[in-house]
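Rule-based calculations on the coordinates, nothing more; no lab input. Keep in mind that what you see is a predicted model, and the values were worked out from it rather than measured. Quick reminder, even Gly has a Cβ in these numbers, built from the backbone with ideal geometry, and neighbours come from all protein chains shown.
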Amino acid sequence: MPPLNKDDIQQLTAETQKAIARTDFACSSLTRVPGGSASFIFRGFLESPLSLCEGSMLRSVLKSVIVKKTTEFAAVNRDFALDSGRSVGIGEENTISCVEETNSE
């Protein structure tokens, strides 16, 4: 069955950008990253770069982030129903922690 069309993707992108607009992760733009069969993945360019500190030491400055958007259907097939809560939990948190640890070495 069909994936989302261009207009649907633009709407989803706008909704996602609006959802994070009042957070530290507000983005001036979101670009869909190719791939991902279940979720929609975007690269966002932050409106205000984030400084990541460890104690009083500046560790890095983030200018862009990866944003994952889950929906009630698969990204590759809008007729394939999915539970949007599937990506919340320990698995996602562990992955992020591993990436943070790898980047700090």
Arranged by the count of other C-beta atoms within 10 angstrom, fewest first, what order do D7, D24 take?
-> D7, D24
Of R32, R22, how do they rank once you tally other Cβ atoms within 10 Å and put the fewest first?
-> R22, R32
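If you rank T31, T16, T23, T71 by fewest surrounding Cβ atoms within 10 Å, what's the result? Numbers along the way, then the final one.
On the way: T31 12, T16 19, T23 8, T71 16.
Sorted ascending by nearby Cβ count, the order is T23, T31, T71, T16.
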